[in-house]
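*Asks:* Take this structure, written in structure tokens, and hold onto it; I'll ask about it next.
What follows is calculated from the coordinates using simple rules that are stated; it is not laboratory data. Owing to the predicted nature of the structure, the values given are computational and were not obtained by experimental measurement. No Cβ is skipped: glycine too gets one built from the backbone with ideal geometry, and neighbour counts run over all protein chains shown.
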Amino acid sequence: MNILLLGSGGREHALAWKIAASPLTERLVCAPGNAGIARECEVTALDLADHAAVIAFCRANRIDLVVVGPEAPLCAGIVDDLAAAGIKAFGPGKAAARLEGSKGFTKDLCRANRIPTAAYQRFTAPAPAKAYVRARGAPIVIKADGLAAGKGVVVAASVAEAEGAIDMMLGGGLGEAGAEVVVEELLEGEEASFFALCDGETAIPLASAQDHKRAFDGDRGPNTGGMGAYSPAPVMTPQIARRAMDEIVLPTVAAMKAMGAPYQGVLYAGLMITAAGPKLIEYNVRFGDPECQVLMLRLMSDLVPALLACCDGMLGNFDLRWYPDAALTVVMAAKGYPGGYAKGSVIEGLAAAAAVEGVEIFHAGTRAEGGRILANGGRVLDVSALGKTVAEAQARAYAAVDRIAWDGGFCRRDIGFRAVEREKNPAVGIP
Ligand code: AMP
């Protein structure tokens, strides 16, 4: 098959690595890609917002399958436009992508289908939103309805902070994304990411992961796109995973089908594992980044037939096999991220780092120039490793990090600390 992969981050590098390894893959092209992806497959410059250009590329190159990495083209309806042109694509159509594109849509779907989630109300005007906040009290969570590049959620410790967030969002501080807000109850427990493949009719679980969103050690500092992740998530016991499928994912797939917007693609459920069981925090309509990197390392089966089964409604009898090993990824970011940072610093030692046993290095934001690899983004490298335990995967990943010479970069030194703690003392706290 000729496959076109859309995107340019670490998630897409991991997908390219796995798709390129499939015996079904004749030719793989990634657009726009990055310097690491260019070592796995061809890359080409395409503007993903220009659907007509993507379609023209598919026609000219006889592309059999398009795999869409990021959410923006999904929410913009690229899968619908490709389908209308007769081109098969992995990912939800625009109507189904509302599960990520509109938090209010997802909350209403949960309410209508008794899917466990935080209690909430939707608002388009500040006064009733503030009255609701005062009635509920703090802590409380304020969310912009639309896509806000990770800036759309404020976990407010006080009523005043909540009111400030409402004024900021409804006052246009996040643009169109904040024209409506969801105000919801704060959930308590441990967070986990849970992934399922969906074919419009049914779903099969992938695996669980946990990520570290804060920039600095000890889960401190500003929120980021993710500074590291590991899989499996110890908090996702087989029983909790079963409940997440039965109580959250499968009812969502059924509800989307019933409303004529069948969900095909990967569904990423951000869960809070509370004392009462798993509750949905939010959906994403694509693989997590950097969770995808650890999932691809652990996946033993060929990915391409699974992607095709999602597109073709054939997941019913599908089975995936996983390595029992743990996987962990450490994100190396440019100094200053998630604030301002410089591009263009030189990264050395990548070959030596990749030689550490069990290690795979995915590029998140790099470019090649004159045989050298240069930083070209906020999150730049995902240094990833498999190991028999999270502790072993962690030790391998950091051994590789220590072989990388990059003055312009930094990383957290404690990725996976909760899981490593649990491995040392398995009795510790599964809530
Ligand atoms: P979201 O973009 O919805 O995933 O929210 C970003 C982060 O805010 C989540 O990963 C949680 O850490 C936190 N969060 C969002 N909603 C809630 C909630 N209802 N209760 C507790 N934490 C939340």
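*Asks:* Calculate I(q)/I(0) for the stretch 327-384 by the Debye formula, one identical point scatterer on each C-alpha and no solvent, and give its log10 at q = 0.14, 0.16, 0.18, 0.31 Å⁻¹ to two decimals.
*Replies:* -0.37, -0.49, -0.61, -1.28
*Asks:* So what's the back-of-envelope 222 nm ellipticity for the chain, counting only DSSP H runs of four-plus at -39500 (n - 2.57) apiece and dividing by all residues, rounded to 500?
*Replies:* Details: 15 runs with 126 residues, N = 431.
Dividing the helical sum by the residues of the chain leaves -8000 deg cm²/dmol.
*Asks:* Rg and Dmax in Å for the stretch 187-267, alpha carbons only: what are they?
*Replies:* Cα only, the stretch 187-267: 14.9, 45 Å (Rg, Dmax).
*Asks:* Any chance you could list P(r) for the stretch 114-217, counting all Cα-Cα pairs in 5 angstrom bins from zero, rounded to whole %?
*Replies:* Here the calculated profile for the stretch 114-217 is 2, 12, 18, 19, 17, 15, 9, 6, 2.
*Asks:* Another question, if that's okay. Give, in whole angstrom and from largest to smallest, the semi-axes √(5λ) of the equivalent ellipsoid of the chain, with λ running over the eigenvalues of the Cα gyration tensor. Walk me through the intermediate numbers first.
*Replies:* Details: eigenvalues 195, 141, 103 Å².
Result for the chain: semi-axes of 31, 27, 23 Å.
*Asks:* Could you give the dipole magnitude of the chain about its Cα centre, charging the beta-carbon of Lys and Arg +1 and that of Asp and Glu -1, in debye to the nearest 20? Numbers along the way, then the final one.
*Replies:* Values: 42 positive and 48 negative charges, 76 e Å.
Its charge dipole is roughly 360 debye.
*Asks:* Ala149 versus Leu24, label points 7 Å from Cα toward the beta carbon: distance in nm?
*Replies:* The answer from the label model is 3.5 nm.
*Asks:* Using alpha carbon centroids, what distance separates the stretch 1-48 and the stretch 249-301, in Å?
*Replies:* 23
*Asks:* Still on this structure, please answer the following. Within the set Lys18/Lys335; Lys107/Lys257; Lys18/Lys107; Lys388/Lys424; Lys279/Lys388; Lys143/Lys343, which residue pairs have Cα atoms separated by over 25 Å? Intermediate results must be reported in sequence, preceding the final value.
*Replies:* Numbers: Lys18/Lys335 30 Å; Lys107/Lys257 17 Å; Lys18/Lys107 34 Å; Lys388/Lys424 14 Å; Lys279/Lys388 30 Å; Lys143/Lys343 31 Å.
In this structure, Lys18/Lys335; Lys18/Lys107; Lys279/Lys388; Lys143/Lys343 lie more than 25 Å apart at Cα.
*Asks:* Further question: Report the far tail of the P(r) of the stretch 362-431, meaning the percent of Cα-Cα pairs longer than 21 Å. Please report the intermediate quantities before stating the final value.
*Replies:* Numbers: 935 of 2415 pairs.
Counting pairs separated by more than 21 Å, the tail of P(r) holds 39 percent.
*Asks:* Follow-up. Once you have the Cα-Cα distance between Tyr132 and Glu185, take 0.36 nm times their residue separation minus that, and quote the gain in nm to one decimal.
*Replies:* Full-extension gain reported as 18.0 nm.
*Asks:* Let me ask something else. List Leu170, Leu147 from most exposed to least, where exposure is judged by having the fewest other Cβ atoms within 10 Å. It would help to have the intermediate numbers written out before the result.
*Replies:* On the way: Leu170 22, Leu147 19.
Placing the least packed residue first, the sequence is Leu147, Leu170.
*Asks:* Using all alpha carbons of the stretch 310-422, what is the percent of pairwise distances in each 5 Å bin, ordered from the shortest bin to the longest?
*Replies:* Each 5 Å bin holds this share of Cα pairs: 2, 12, 19, 19, 14, 11, 9, 7, 4, 1.
*Asks:* To make sure I understand the rule: partners must be aspartates and glutamates, Cα under 15 Å from the Cα of Lys130, and not fewer than 8 residues away in the same chain. Which ones qualify?
*Replies:* Glu161, Glu163, Asp167, Glu180, Glu184, Glu185
*Asks:* If packing is taken as the mean number of other Cβ atoms within 10 Å per residue, what is the order of 178-184, 367-373, 211-217, highest first?
*Replies:* Working: 178-184: 22.1, 367-373: 12.3, 211-217: 18.7.
Averaged packing, sorted descending, gives the order 178-184, 211-217, 367-373.
*Asks:* Evaluated at 20 °C with a viscosity of 1.002 mPa s, what Stokes-Einstein diffusion coefficient in µm²/s does the stretch 1-80 have when Rh comes from the Kirkwood expression over alpha-carbon pairs?
*Replies:* On the way: Rh = 12.4 Å.
It comes out at roughly 173 µm²/s.
*Asks:* Over the Cα atoms of the stretch 1-151, each weighted equally, I'd like the Debye log10 I(q)/I(0) at q = 0.13, 0.17, 0.18 Å⁻¹, rounded to two decimals.
*Replies:* Computed log10 I(q)/I(0) values: -0.69, -0.94, -1.00.
*Asks:* Sort 29-36, 78-85 for me by packing, meaning the mean count of neighbouring Cβ atoms within 10 Å per residue, highest on top. Mind showing how you got there, number by number?
*Replies:* Numbers: 29-36: 23.4, 78-85: 19.0.
Listed from highest to lowest mean packing, they are 29-36, 78-85.
*Asks:* Here's something else I'd like to know. Please arrange His363, His13, His51 by counting, for each residue, the other beta carbons lying within 10 Å of its beta carbon, fewest first. Could you put the intermediate results ahead of the total?
*Replies:* Working: His363 31, His13 36, His51 19.
Ordered by Cβ neighbours within 10 Å, fewest first: His51, His363, His13.
*Asks:* Extent of the stretch 90-157 along each principal axis, from alpha carbon coordinates, in Å, largest to smallest?
*Replies:* The Cα atoms of the stretch 90-157 stretch 43, 28, 21 Å along their principal axes.
*Asks:* For the stretch 127-186, taking Cα atoms only, what is the radius of gyration to one decimal and the Dmax to the nearest whole Å?
*Replies:* 10.2, 29
*Asks:* Express in whole angstrom the spacing between the alpha-carbon centres of the stretch 117-152 and the stretch 67-114.
*Replies:* Using only Cα atoms to place each centre, the spacing works out to 23 Å.
*Asks:* Could you put Asp319, Asp414 in order, starting from the residue whose Cβ has the fewest other Cβ atoms within 10 Å? Let's see the in-between values first.
*Replies:* Values: Asp319 8, Asp414 18.
Listing Asp319, Asp414 from fewest to most nearby Cβ atoms yields Asp319, Asp414.
*Asks:* Find how many whole Å separate the alpha carbon centroid of the stretch 376-424 from the alpha carbon centroid of the stretch 170-245.
*Replies:* Result: 20 Å between the Cα centres.
*Asks:* Take peptides 71-77, 97-103, 378-384 and line them up by average Cβ neighbours within 10 Å, highest first, as a rough protection proxy. Kindly include the intermediate steps, with their values, before the conclusion.
*Replies:* Values: 71-77: 19.9, 97-103: 24.1, 378-384: 27.7.
Going from most to least packed, we get 378-384, 97-103, 71-77.
*Asks:* Specify, per residue and in Å³, the volume enclosed by the convex hull of the alpha carbon atoms belonging to the stretch 164-316. Provide the component values of the computation, followed by the final result.
*Replies:* Numbers: hull volume 22.4 nm³, N = 153.
In the stretch 164-316, the Cα hull volume divided by residue count equals 146 Å³.
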